[in-house]
Amino acid sequence: MELKNSILDKSKPTFFEKHQNALYKSLEDKHTTVEVEQDPLGTRMILNMGPQHPATHGVLRLLLELEGEKILRNRLDIGYLHRGIEKIAENKTYQEFMPYTDRMDYLSPYSNNVALCTAVEKIAQIEVPDRAQYIRMIGAELARISSHLLFLGAMVMDTGAISFFIWTFKERERIYDIFDNFGGHRFTISHCRIGGVHNDLTPECISMIKEFTESFPKEHSDWLKLLNKNRIFYDRNANVGNITYDQALQLGVTGPNIRAVGVPYDIRKFDPYLKYDEVEFDIPTRLEGDNLSRYFIRMEEMLESIRIIRQCLDKMTPGPIRTDNAKQTYPSKDEVYYSMEGLIHDFMMTDTGICPPAGVECYHAVEAPKGELGFYIQSDGTGHPWRMKIKSPSFTNLQGLEKMLDGEMIADTVVMIGGIDPVMGESDK
């Protein structure tokens, strides 16, 4: 009796060979210049890391070719979280789409709100009152600090320090409390309105913000003392995940990751929006392009955000918080409840929304915590976009991650992912 066993059948490719061929084919498609020697002893291994791995956010898959513990080649596989947000936008009014932006970079929803609002206001030519612009800046900078705090706690935890994650979350909880008073919600806040903001800041909220700006630098200073001289943290991040100046520019890396290779590009400075041209702040840069430099950039950016918030509080004067045009923004609740005209305008804004001129298109970007977050809008004259495309920083930064992983140790993979700080909600959109 002839024994048939597919495992012993040499005419069929093995599991390793099938995955190896797929990996090589994908690398050839990218026109890679990496040269890998043949493996006559068959000691190399193809490893799937994620998407279930905690460090890959549950929706990022890394296909790694390993020689021992060293990564020879890698391939990122995204799209597991794809929700069709851009297509949803085409079937919603501009304001109805606002809560969907909260679910993109869900670590800094306020920045996403500001990005959409400023893009719509640009295409519809809506003037926003000064007080509303300062309120948006305060919210966006608080969101930047909140996002960087999660980056910090998670990356330090990836290097083995569990307790540090709790300390950074203590400060994030204070920011959540501010947002709860700010706009009635701790996390996905949706406080922005096209033409302004939903409500003004209460005296209690302003007091909470001032208290935070006074106490946070002390906490920040303690963290620097703990981490900057910590040999384990330093060695796990220095010269790990290197990317060169030229590679970062070619791949379109953005945000703190591009500033970590010496490019002082920040949209708040180069193409100011809101009132960023009226406040003073610096753009932190480094030259090393490694994981440690990305840590330093974000640490310095948090202090710059505190500096911006303080100036906004000083410059903000009493005044309206939304444009005085019933065709361009929602009326206040007092107008809706106590006047027929206000109720009609509220209904029309909900039913039809803002209608930019037909055939007009625009692109507008903001400096989100992860980098350049831009909205491209094409209008057909109706209350919802004919086309909307979103340029998300996490997507472009993940392209840089492929370059960083080659030649590194597999133990450093989770540290590098944390250093890039991607959010798959905006990468997959």
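The values are calculated or read from the model by the stated rules, or taken from the named source; none is laboratory data. In this text, all values refer to a predicted model and were calculated from it rather than measured experimentally. Note: ideal-geometry Cβ built from the backbone for every residue, glycine included; neighbour counts use all protein chains shown.
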### Query
Considering D380, D412, which residue is farther than 18 Å from R294 by Cβ and among the acidic types (D, E)?
D380
### Message
Here is a list: N91, N74, N112. Which entry is under 30 Å from E408 (Cβ atoms) and among the polar types (S, T, N, Q)?
### Response
N74
### Tally, over region 259-287, of residues that are assigned to a loop (DSSP other than H, G, I, E, B), hydroxyl-bearing (S, T, Y) and touching a residue at least 60 places away in the same chain (Cβ under 8 Å)
1
### Message
So for region 117-128 (the condition being on the phi > 0 side of the Ramachandran plot and assigned by TED's automatic domain parsing to the domain that holds I308), does at least one residue qualify?
### Response
yes
### Message
One residue is enough: does region 346-367 have a residue meeting the conditions more than 16 Å from the chain's Cα centre (by Cα), part of a loop (DSSP other than H, G, I, E, B) and under 29 Å from T202 (Cβ atoms)?
### Response
yes
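Within region 404-421, is even one residue surrounded by fewer than 18 Cβ atoms within 10 Å (Cβ to Cβ), touching a Gly at 6+ places or on another chain (Cβ under 8 Å) and not in a helix (DSSP H, G or I)?
Narrowing region 404-421 to residues surrounded by fewer than 18 Cβ atoms within 10 Å (Cβ to Cβ): 406-407, 409-411.
Filter once more, so that each one left must be touching a Gly at 6+ places or on another chain (Cβ under 8 Å): none.
The answer is no, given that none of the residues of region 404-421 is surrounded by fewer than 18 Cβ atoms within 10 Å (Cβ to Cβ), touching a Gly at 6+ places or on another chain (Cβ under 8 Å) and not in a helix (DSSP H, G or I).
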### Message
If the requirement is being in the same structural domain as A365 (by TED's automatic domain parsing) and modelled with pLDDT of 95 or more, which of these qualifies: Y106, Y134, Y110?
### Response
Y134
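Yes/no per residue for (1) polar (S, T, N, Q); (2) in contact with a Leu (Cβ under 8 Å, 6 or more places away or on another chain); (3) touching a residue at least 60 places away in the same chain (Cβ under 8 Å); (4) surrounded by 17 or more Cβ atoms within 10 Å (Cβ to Cβ):
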{"position": "G50", "(1), (2), (3), (4)": "no, yes, no, yes"}
{"position": "V59", "(1), (2), (3), (4)": "no, yes, yes, yes"}
{"position": "L62", "(1), (2), (3), (4)": "no, yes, yes, yes"}
{"position": "R73", "(1), (2), (3), (4)": "no, yes, yes, yes"}
{"position": "D77", "(1), (2), (3), (4)": "no, yes, no, no"}
### Query
Is there a residue being surrounded by fewer than 19 Cβ atoms within 10 Å (Cβ to Cβ), in contact with a helix residue (DSSP H, G or I) (Cβ under 6 Å, 6 or more places away or on another chain), assigned by TED's automatic domain parsing to the domain that holds G418 and in a helix (DSSP H, G or I) anywhere in region 321-341?
yes
### Candidate set: region 346-387, residues that are closer than 14 Å to E426 by Cβ and among the aliphatic types (A, V, I, L, M); chosen: the one surrounded by the fewest Cβ atoms within 10 Å (Cβ to Cβ)
A365
### Per-region count, region 302-320, residues surrounded by fewer than 21 Cβ atoms within 10 Å (Cβ to Cβ), under 30 Å from the mean Cα position of the chain (by Cα) and among the polar types (S, T, N, Q)
1
### Task
Only residues that are closer than 14 Å to D200 by Cβ and touching a residue at least 60 places away in the same chain (Cβ under 8 Å): list them for region 313-345, please.
L313, M316, T317, P318, G319, P320, I321, R322
### Query
When you go through I166, I189 one by one, which is the residue that is within 22 Å of Y330 (Cβ to Cβ) and in the same structural domain as V240 (by TED's automatic domain parsing)?
I189
### Task
Return yes or no: is C192 in contact (Cβ under 8 Å) with a residue 40 or more places away in the chain and within 22 Å of S111 (Cβ to Cβ)?
yes
### Query
Among G153, G160, which is outside any helix (DSSP H, G or I), under 26 Å from L292 (Cα atoms) and either modelled with pLDDT under 95 or under 21 Å from the mean Cα position of the chain (by Cα) (or both)?
G160
### Message
For F212, only one of the following conditions fails: (1) at pLDDT 95 or above; (2) over 25 Å from the mean Cα position of the chain (by Cα). What is its number?
### Response
(2)
### Close pairs from region 89-115: first under 20 Å from I178 (Cβ atoms), partner of a type in the set (D, E, K, R), Cβ under 6 Å, at least 6 apart
D105/E426; P109/D102; N112/D105; V114/R136
### Message
Here are the criteria: (1) without any contact (Cβ under 8 Å) to a residue 12 or more places away in the chain; (2) part of a loop (DSSP other than H, G, I, E, B). Tell me which single one E173 does not satisfy.
### Response
(2)
### Summary
Within region 344-395, the residues that are within 18 Å of A89 (Cβ to Cβ) and either basic (K, R) or not assigned by TED's automatic domain parsing to the domain that holds V263 (or both) are R387, K389, K391
